[in-house]
Each structure stands twice: as structure tokens, then as C-alpha cells.
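Trainee: Before I ask anything, here is the structure I am working with.
We did not get these values from a lab; they are worked out from the coordinates using the rules stated. These figures come from a predicted structure and were not determined experimentally. Cβ atoms come from the backbone with ideal geometry, glycine included; neighbour counts cover every protein chain shown.
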Amino acid sequence: MVQFIAKRCAQAVFVVFAVTLIVALAIRMTGDPAIMLAQGAGSVTEEDLARIREALGLNRPFLTQYFEFLKGLVTGDLGTSFDGYPVSQLVNRALPATLLLAAVSLIFSVVVSIPLGIKAATAKGRWPDQVIRIFSLIGLSFPNFWLGTMFVLAFAITLNWLPASGMGGPSTILMPAATMGLILTATNVRLVRGAMLETLQSQYIMVARAKGLSENVVLYKHALKNCAITLVTYFGLQFGGLLGGIVIIERVFNWQGMGTLAFDAVAARNYPVLQAVIAILSLMIVLVNLLVDIAYGFLDPRIRAE
Amino acid sequence: MFKPTGLRVALLAASVAGAGALGTVPAFAGGTLKLGLSQDAGSWDPIDTFLVAWAAVSTNIYDGLTYRGPDMQLVPGLALSWEELDDGKRLRFKLRQGVKFHNGEPFNAEAVKFTFERLLGEEGAKGPQRSNYIVIEKVEVVDDYTVDFQLKAPDPVLLTKLAGYGAMIVPPQYIKEKGEDYFNTHPVGTGPFKFVTYEPKVAINLEAFAEHWGGAPKLDKVEYHFISEPSTAVAELQTGSVDIVIPPIIPVAMIPTIAADAKLDVVSIPGPTVDALRFNTQSGITKDVRVRKALIMAVDRDTIIKSILAGQAEPIASFQGRLSFGYDPDLKPVPFDPEGAQKLLKEAGVASGAKVQIDVRANDATMGEVAQAVAAYLSAVGVEATVKPYELNVLLNDIIPPGKTGEMFQQKWGGWTFDFDNTAYSMYHSGEKWNPYEKDPEMDKLLESQRNITDRAKREAILKEVGKYAADHALEMELYNSNAIFGVNKRVKGFDAPPDNRLRLTNVTVE
């Protein structure tokens with residue numbers, strides 16, 4: 001197990017290194033932050049731009065800049081954003097916000113999709129199955145920004161129950177998390193249903209039923225545990241996708257997380273911020289996948305033995 | 001169950017206010033105004049930025065030596081008066097006495113000297129503001145309340161520039177004690193509102209500075225919330241979470257939503273931004289002035305404004321709006337005349353099916369539609385136009401300055417000084433970054449000749465001539481001067497929309 005984790009950590013380091021290198025190179029190809037900063041500054045001369053570049057440290061060779069960033073990443077100093085703000089402070093504010101939103105969305109989705117998926121599987125072909133599948137299809141067809149806007153229209157503007165946007169008390173997380181969560185649920189319900197259907201045909205389920213166990217015990221204790229590997233793998237992978245999708249949801253709900261930070265950084269060519277955000281997000285995705293792998297061992301003793 | 005909704009609170013407040021008016025307690029003013037702003041400036045230091053979003057907030061925190069309000073007239077700010085000496089190469093300012101910064105530090109000639117030495121020195125060199133003020137050679141303290149600006153050459157726009165952005169007066173002691181980084185996020189000025197808290201990417205909050213020299217503001221508190229998504233900003237306006245949405249957030253398409261809400265008003269006024277499709281005068285069919293004129297005649301710009309921009313813009317005849325200094329009301333836009341265009345094209349020997357490429361900013365949805373409409377009009381006179389969207393930075397960095405554009409390219413411009421020199425010099429003078437194609441000694445001479453004159457009438461005449469010269473040579477297809485669109489809750493009173501977004505809130509109240 002220790003060797004396995006060590007190997008995965010080495011992989012994680014490589015992934016973060018590769019991803020940040022690609023991002024650092026790519027964003028530098030898209031344009032000059034000095035021009036961005038000087039936009040509208042009347043007659044900007046080449047000397048003005050050169051001065052701004054020098055102040056931002058952009059006149060140095062790319063590798064120097066990149067290794068300085070890597071060094072900072074290791075020592076925990078993420079540098080200063082081009083608008084003069086310490087990146088670590090920006091990240092310290094944004095990361096918990098994003099993690100909270102992602103976690104609540106994922107929990108929402110898991111809690112809703114497991115009972116619904118099981119219900120659909122046990123009622124295969126009958127009306128509960130049909131209804132759940134139709135709703136899941138509708139959910140899959142919604143773009144998340146549209147669903148978010150509709151929520152705002154309904155619950156904030158028309159009913160005035162919830163704040164339209166912003167980040168504050170528990171009421172502010174309801175709509176963004178429900179938007180993300182519902183869209184995840186649409187996929188997850190189908191996944192749970194499929195995995196469950198397969199498991200329910202196993203002989204041991206027939207044995208369990210023959211023993212006279214209650215249906216709930218059969219489903220939630222025996223069947224669900226065997227589906228868990230598939231589900232955990234998928235939920236883990238989803239976390240990565242979730243962090244991508246959150247960019248749009250964060251914008252719609254003015255949620256000040258990593259997505260907003262990355263979006264603004266791209267728009268302003270704010271290299272230090274974007275590099276830091278990408279590095280941290282990729283690190284987290286690698287980490288979650290590592291946790292998923294470790295979870296396998298707990299879920300299935302056979303994997304642990306290997 | 002009692003739920004304190006916005007309406008109930010408002011009613012409660014009104015009833016309390018009403019009771020006060022009837023009884024002995026005076027009716028209370030004050031209250032909190034919440035504004036939606038598209039962007040967080042990141043740093044509130046005047047020399048660090050060029051963002052309109054910075055100015056929208058900071059015009060309440062800082063003062064300049066001069067002040068320009070929504071009526072665009074230049075009036076005394078921290079300077080009570082000024083005079084030109086040495087043929088305009090020295091400006092002497094008499095300063096207002098008894099003014100204090102929010103931290104208690106006195107405002108005087110030393111503060112002015114410090115402000116400009118900082119702007120023109122090492123600290124200013126890191127930011128984009130310095131280049132606007134390099135005409136200032138040095139600032140000399142004559143006495144505590146008199147300063148001289150020694151200029152390299154007379155600069156007719158300097159007094160306007162002193163009313164905003166990099167020229168905002170900053171507190172010397174405070175910056176020396178707390179350091180530059182601290183000042184970025186804890187700004188102190190002499191303005192009508194003082195800084196309270198700033199949460200990056202979320203909000204900046206101010207409160208009234210009762211000792212302001214212009215009189216105490218009527219509001220108690222002001223909150224600016226950063227909201228970049230237009231639909232989110234409008235939703236916040238509809239729910240009453242913000243009272244004013246400052247441009248540029250509200251797109252033309254969302255005006256009906258706001259107009260339909262009985263609680264809200266749409267206030268729109270001509271802003272500083274002008275749009276044109278400039279011509280490549282070096283290659284392609286647009287090399288010929290007759291072709292350029294024909295292309296301008298072929299496009300019905302009034303209809304484009306009415307349909308695509310929902311009337312939220314004004315046609316222009318030179319590359320400036322009507323609030324700009326140098327605007328010529330006698331210069332009229334070229335009328336829509338497709339037959340005339342075809343005749344001119346024929347005269348210039350342009351065969352039907354000739355090609356032009358229109359380069360636009362990919363992130364500008366409105367211009368995307370406008371360019372398509374222009375292409376359709378051009379095809380009606382036999383010119384085949386293709387629209388090529390570029391990522392903003394690529395267009396501004398790699399396409400326009402090195403002269404790699406198609407026959408036509410989008411230029412969006414808007415200087416807060418509202419002085420045509422700012423636009424014209426950058427667009428038309430040889431060797432300027434934004435002028436990759438034109439090298440015209442006559443134009444250069446015209447542009448240079450107005451730069452050192454401080455006589456307003458003379459300068460205005462020359463700037464009008466510049467506009468006319470550009471129009472005669474058909475250097476660009478003028479499109480429009482876009483409106484700045486504010487969304488305002490009707491509970492806001494005393495709101496006077498400024499064309500430059502620098503919304504000073506001294507006289508604003510909320511019900």
C-alpha cells in the first residue's frame with residue numbers, strides 16, 4: 001500500500017509539473033499583459049510597455065519565470081498577481097468557496113441519485129423507472145448556466161426567497177449547489193440504475209432474498225456495496241469535471257471561487273494567478289483520484305490483497 | 001411570521017421617517033447605497049490602473065486638483081484657482097486650505113509634490129498612468145498652499161487629466177508609513193467617502209467622510225459589489241440587492257427586462273466609447289480613397305444603430321462622440337447611398353466580387369452582429385466581405401500594431417478625457433502604435449500643431465480640421481458612439497448619470 005501511494009504521489013508531481021508547464025506556455029502565447037494593463041492609456045509607447053513588462057518581471061527568460069513559479073509552489077509562495085495582490089491570499093479565499101460548492105453539489109447528487117437509481121432499477125420498465133429516466137434525460141439536456149438562470153428567475157426574482165447571487169450564509173449556496181447537483185444527478189441516476197440492474201441479477205442476491213432478508217437490507221446492504229466500486233470511481237472522476245463546470249456556475253451566481261479566479265485571470269492575462277489556480281486544481285484532481293484508488297481497497301478486499 | 005423583506009423594511013423606514021417628520025425628530029437621511037460594478041480593480045492606488053471600474057469607486061475616495069462632474073465642465077477641486085505662466089510652460093495652482101485626508105493628515109503643497117513625484121518616479125513606472133503625465137517636468141512648492149507645475153511643453157489637456165485617474169492626490173505620510181502594498185488595498189484620499197473594507201473580487205465598502213471640503217455626503221454608506229455576469233447583475237437589481245448597476249455591464253438586449261420592472265429605471269447617456277471599422281490604406285482595394293468612400297456610403301449605419309443597438313448609440317461623423325472636445329456639429333455622417341457607392345466603385349475599377357476582410361474582436365458580441373450587417377450591405381454593392389474574429393489580445397497585440405489586418409478592422413476607443421487629441425493622435429499620427437498604415441505629413445503637422453496650444457478656441461478649430469481631414473480621406477468607416485447604460489432603482493434620488501462612469505455620490509440619497 002505504501003509503495004502504491006508513493007508511486008501515485010510521484011505521478012501526481014509529474015502531472016502538476018506537466019500541466020503547469022503547458023498552461024504557463026500557452027497563456028504566454030495568447031498576448032501581452034502589459035498591453036492589457038495599458039489599454040486606453042492614450043498614446044502608449046513601446047518604452048511604456050517595456051517598463052511595465054520589467055516591473056512585472058516579464059522581460060526575463062521564460063524558464064527563469066517558470067522555475068521561479070515552481071520554486072514558489074514548493075515553498076508555498078505563489079507570488080504576486082499583476083494587479084499587485086498576493087496570489088496565496090486570493091487562493092486562500094477562493095479555494096474553500098469552491099470546495100464547499102463542489103462538495104455540497106456532489107453530496108446533493110449522491111444523496112438524491114442513489115435512492116432514485118435503485119428505485120428505477122427495481123421498478124425496471126414500470127412507471128417509476130420511466131418517470132425517473134425521462135427526468136434524467138431532461139436534466140442531461142439542460143445547460144447548467146440556463147438552469148442556474150432559471151433558478152434565479154424563479155426563486156430570487158419572482159418568489160424572492162433566496163438571494164440572486166453572492167456568497168454568504170447557507171441560503172446563498174442552495175441555488176448554485178442545486179444547479180450543479182441536479183445536473184450531476186441526471187447522470188448519476190442512470191449510472192446507479194445500470195450498476196444496480198447488473199448486481200440484482202447476481203446469484204448472491206437471489207440467495208439473500210431466499211434467506212428472507214428484507215428488501216431494503218438486500219438493496220442497500222448487499223447490492224449497493226457491490227455497486228460501490230463502479231460508483232466511487234465515477235463520482236471521483238466527476239469531481240474533476242465538477243471543478244471545470246464550476247467556472248460557469250460560479251460566474252452565474254457570482255460565487256468567488258477558483259473558477260471565477262481562473263476566468264478573470266485568463267481575461268486579464270494574469271499569469272501568476274492562472275498558474276497557481278491550475279496547479280492547485282490539478283493537484284486536487286490527482287489527489288481525489290488517489291483517494292478513489294485507496295477506497296477500492298476498503299470496498300473490495302480482493303484489491304487490497306493484490 | 002414576520003419576514004424582513006426589502007419592501008417591508010422600506011415601508012418601515014418610510015413610516016419611521018414619516019413619524020419623524022410629523023413629530024419633533026427630524027426626518028433622517030443617510031442610508032446605504034449598493035452598486036453593482038463589473039470588475040474589481042484589484043488595487044485602489046491611482047497609479048496602478050486604467051480601469052473604468054477603478055474610477056467609478058475612486059472618484060468618491062480621492063480628489064484631484066481639478067474636478068469634472070457629469071456636466072463635463074472643469075471646475076476647481078483641491079486647487080481653488082490656477083494660472084498659466086511662462087507661455088503655458090508653468091502652471092501655478094492655489095490650493096484649498098483646511099482640507100484633511102481621511103487619516104487626519106493635512107492636505108498641502110507637499111502632498112501635491114509627493115503625489116506627482118511618485119507618479120512620475122519609480123513607483124509610477126510600474127503602472128500605466130505615468131505616460132499620461134510625462135509632460136510634467138517637476139512640481140515645485142512655492143509655499144504651503146501654492147505649487148508650480150513646470151512643464152516640458154504646454155499641454156492643453158493637462159487640466160482635464162488632473163481631474164482623474166493618476167493625478168488623484170494621495171497622502172504622503174500614510175504611504176511612507178504603511179507602504180505601497182498596504183496602500184493598494186487600504187486607500188486613503190480627501191474625497192467625500194472614506195474606505196472601510198475591501199474583500200477582493202467581492203466588494204469594497206465606503207462610508208461618508210463628514211469633513212469633506214465640498215460638504216458632507218447625504219448617504220451614510222456605499223457598497224460596491226463586483227458582479228461580472230450581466231444577467232446576474234440585472235437579477236440583483238430586480239431583487240433590490242443592488243440599487244445601481246454601473247456600465248459597462250447591462251447589454252442592450254437586457255434593457256426591456258429592466259424597463260418592464262416598475263421599481264427600476266434605465267438611464268442611458270452617450271459614453272466615451274466610439275466604434276469604427278478602420279481601413280487598411282496600404283493594401284487591398286481599400287488603398288484607393290474612392291473605394292473607401294464607396295464602402296462607407298454602402299452601409300446604412302442608422303439602421304444598424306436602430307436595429308442591432310436598439311437605438312442605444314448615436315451616429316458619428318468623425319472618430320469621437322458629441323461630448324468630445326473637438327467635435328464638429330457641422331460635420332455630418334456620410335449618407336447611405338448604395339447607388340453612389342456602386343458608381344464610385346466602378347470608377348475606381350473595382351470588379352464585382354472584390355474581397356474585403358473585416359477583423360473584429362471575438363469577445364464583442366455586438367460588433368460581431370454589426371460586422372455581419374456591414375458585410376451584408378457591402379455584398380449588396382458587389383463587395384464580398386468576410387468577418388474574421390480575433391481573440392482580443394491577439395488583435396490588439398499581433399494584428400493591428402504590426403499592420404497585419406484585413407482591409408477593414410474594428411477599433412474601439414474611448415478616452416475618459418473626452419478630448420479628440422487622445423484619439424486622433426493615436427489613430428492618425430505617423431509611427432503611432434495604433435496607426436500601422438498612414439504616414440501623412442500634412443496630418444502629422446495638424447496634429448502636432450494643436451498639442452502645444454492652450455488657447456481652447458484655436459485648438460478646437462484645429463481638432464475639427466483633423467476630424468474633417470480624416471473624413472475627407474475616408475480613413476475609417478465611422479460607426480457609432482455607444483451609450484453608457486445604467487440600471488437604477490427608483491428609490492435612488494439625486495442620481496445624475498456621468499458619461500465617464502465617474503459617479504460621485506455626494507448628493508445621492510436613497511428612500
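Trainee: Between Rg and the Kirkwood Rh of the stretch B:270-484, both from Cα atoms, what is the Rg to Rh ratio?
Mentor: Numbers: Rg = 16.3 Å, Rh = 17.3 Å.
Rg divided by Rh gives 0.94.
Trainee: Just to be sure I understand the curve: with the Debye formula and one point per C-alpha of the stretch B:242-314, what is log10 I(q)/I(0) at q = 0.18, 0.25, 0.28 Å⁻¹?
Mentor: -0.83, -1.20, -1.33
Trainee: What percent do you get for the relative contact order of the stretch A:97-259 when only Cα pairs under 8 Å and 6+ apart count?
Mentor: 37
Trainee: Okay, which of the stretch A:152-187 sit inside 14 Å, backbone N to the point 7 Å along the Cα-Cβ direction of A:Trp146?
Mentor: Those under the cut-off are A:183.
Trainee: Which peptide among B:424-437, B:175-188 comes first, and what is the full order, when sorted by highest mean count of other Cβ atoms within 10 Å?
Mentor: Peptide ranking by packing, descending: B:424-437, B:175-188.
Trainee: Here's a follow-up. Restricting things to alpha carbons, find the Rg to Rh ratio for the stretch B:367-441 using the Kirkwood radius for Rh.
Mentor: 1.01
Trainee: Please report, in cubic angstrom per residue, the volume enclosed by the convex hull of the alpha-carbon atoms of the stretch B:263-382.
Mentor: Enclosed volume per residue, from the Cα hull, is 131 Å³.
Trainee: For chain A, what class follows from the C-alpha gyration tensor (a ≥ b ≥ c being the square roots of its eigenvalues): rounded when a/c is under 1.5, otherwise prolate if a/b is larger than b/c, else oblate?
Mentor: Working: a/c = 3.28, a/b = 1.72, b/c = 1.91.
It comes out oblate by the Cα gyration axes.
Trainee: Using only C-alpha atoms and all pairs of different ones, pull out the Kirkwood radius for the stretch A:97-259 in Å with one decimal.
Mentor: After inverting the mean inverse Cα-Cα distance, the result is 16.9 Å.
Trainee: Can you sort A:Trp161, B:Trp54 by how many other beta carbons sit within 10 Å, fewest first?
Mentor: Neighbour counts put them in this order, fewest first: A:Trp161, B:Trp54.
Trainee: Something else about it: Using only DSSP helix segments of four residues or longer, with each worth -39500 (n - 2.57), what per-residue ellipticity at 222 nm results for chain B after dividing by its residue count and rounding to 500? Numbers along the way, then the final one.
Mentor: Numbers: 16 runs with 150 residues, N = 511.
Roughly -8500 deg cm²/dmol at 222 nm, from the helical runs in chain B.
Trainee: Give the lysines reachable from B:Lys201 as a straight Cα distance under 29 Å; neighbours fewer than 8 places away on the same chain don't count.
Mentor: By straight Cα distance, B:Lys201 reaches A:Lys71, B:Lys34, B:Lys126, B:Lys161, B:Lys176, B:Lys178, B:Lys218, B:Lys221, B:Lys263, B:Lys412, B:Lys490, B:Lys493.
Trainee: Check each of the trypsin sites (Lys or Arg not before Pro) in the stretch A:10-115 and keep only those in coil by DSSP with at most 10 other C-beta atoms within 10 angstrom; list them in order.
Mentor: Counting only loop positions with at most 10 other Cβ atoms within 10 Å, none of the trypsin sites (Lys or Arg not before Pro) in the stretch A:10-115 qualifies.
Trainee: With only alpha-carbon atoms counted, please give the Rg and Dmax of the protein assembly as shown, in Å.
Mentor: Rg then Dmax for the protein assembly as shown, in Å: 30.6, 107.
Trainee: How big is the Kirkwood radius of chain B, worked out from every pair of different alpha carbons and given in Å to one decimal? Please list the in-between numbers first.
Mentor: Values: mean 1/r = 0.0404 Å⁻¹.
That comes to 24.8 Å for chain B.
Trainee: Consider all pairwise Cα distances in the stretch B:31-131 and report the whole-number % of them above 23 Å.
Mentor: On the way: 1930 of 5050 pairs.
Counting pairs separated by more than 23 Å, the tail of P(r) holds 38 percent.
Trainee: Right, something else. Taking N as the number of residues in the stretch B:133-292, what is its alpha-carbon radius of gyration divided by 2.2 N^0.38 Å?
Mentor: Numbers: Rg = 22.6 Å, N = 160, 2.2 N^0.38 = 15.1 Å.
It is 1.49.
Trainee: Obtain the radius of gyration and the Kirkwood radius of the stretch A:83-170 from its C-alpha atoms and give Rg over Rh.
Mentor: Taking Rg over the Kirkwood Rh, I get 1.12.
Trainee: Evaluate 2.2 N^0.38 Å with N set to the residue count of the stretch B:65-109, then give the Cα radius of gyration divided by it.
Mentor: Rg over 2.2 N^0.38 Å, computed on Cα atoms: 1.36.
Trainee: Please state the charge dipole magnitude for the protein assembly as shown, taken about the Cα centre, from unit charges on C-beta atoms (+1 on K and R, -1 on D and E), reported in debye and rounded to the nearest 20.
Mentor: Rounded to the nearest 20 debye, it is 3240 debye.
Trainee: What is the fewest-to-most order of B:Lys194, B:Lys306 by other Cβ atoms lying within 10 Å of their Cβ? Before the final figure, lay out each step's value.
Mentor: Details: B:Lys194 21, B:Lys306 13.
Starting with the residue having the fewest Cβ neighbours, the order is B:Lys306, B:Lys194.
Trainee: When Cβ neighbours within 10 Å are restricted to other protein chains, what is their mean count per residue of peptide B:178-189?
Mentor: So the per-residue partner count for this stretch is 1.
Trainee: May I have the pair-distance distribution P(r) for the stretch B:412-511, computed from all Cα-Cα distances with 5 Å bins from 0 and rounded to whole percent?
Mentor: 2, 10, 18, 18, 13, 11, 8, 7, 6, 4, 1, 0
Trainee: Defining a contact as two alpha carbons under 8 Å apart and six or more residues distant in sequence, what relative contact order in percent does the stretch B:97-154 show? Numbers along the way, then the final one.
Mentor: Numbers: 64 pairs, mean separation 17.7, N = 58.
Computed value for the stretch B:97-154: 30 percent relative contact order.
Trainee: Between B:Lys355 and B:Glu314, how high is the FRET efficiency from 1/(1 + (r/R0)^6) when r is the Cβ-Cβ distance and R₀ = 30 Å? Nearest 0.05.
Mentor: That pair, B:Lys355 with B:Glu314, gives E of 0.45.
Trainee: Shifting gears a bit: Where does chain A land at 222 nm, in deg cm²/dmol rounded to the nearest 500, when only DSSP H runs of n ≥ 4 count, each adding -39500 (n - 2.57), divided by all residues?
Mentor: -25500 deg cm²/dmol
Trainee: What does the average come to when, for each residue of peptide A:78-85, you count the partner chain Cβ atoms lying within 10 Å of its Cβ? All intermediate terms of the calculation are to be shown ahead of the outcome.
Mentor: Numbers: counts 0, 0, 1, 3, 3, 11, 13, 8.
Mean number of neighbouring Cβ atoms from other chains: 5.
Trainee: Across peptide B:44-57, how many C-beta atoms of other chains are within 10 Å of each residue C-beta, on average? Walk me through the intermediate numbers first.
Mentor: Values: counts 1, 2, 0, 0, 4, 3, 8, 5, 1, 0, 1, 0, 0, 0.
Taking all residues of B:44-57 together, the mean is 2.
Trainee: Work out, step by step, the length gained on full extension between A:Glu198 and A:Leu213: first 0.36 nm times the residue separation, then minus their alpha carbon distance; give nm to one decimal.
Mentor: Computed gain between A:Glu198 and A:Leu213 is 3.4 nm.
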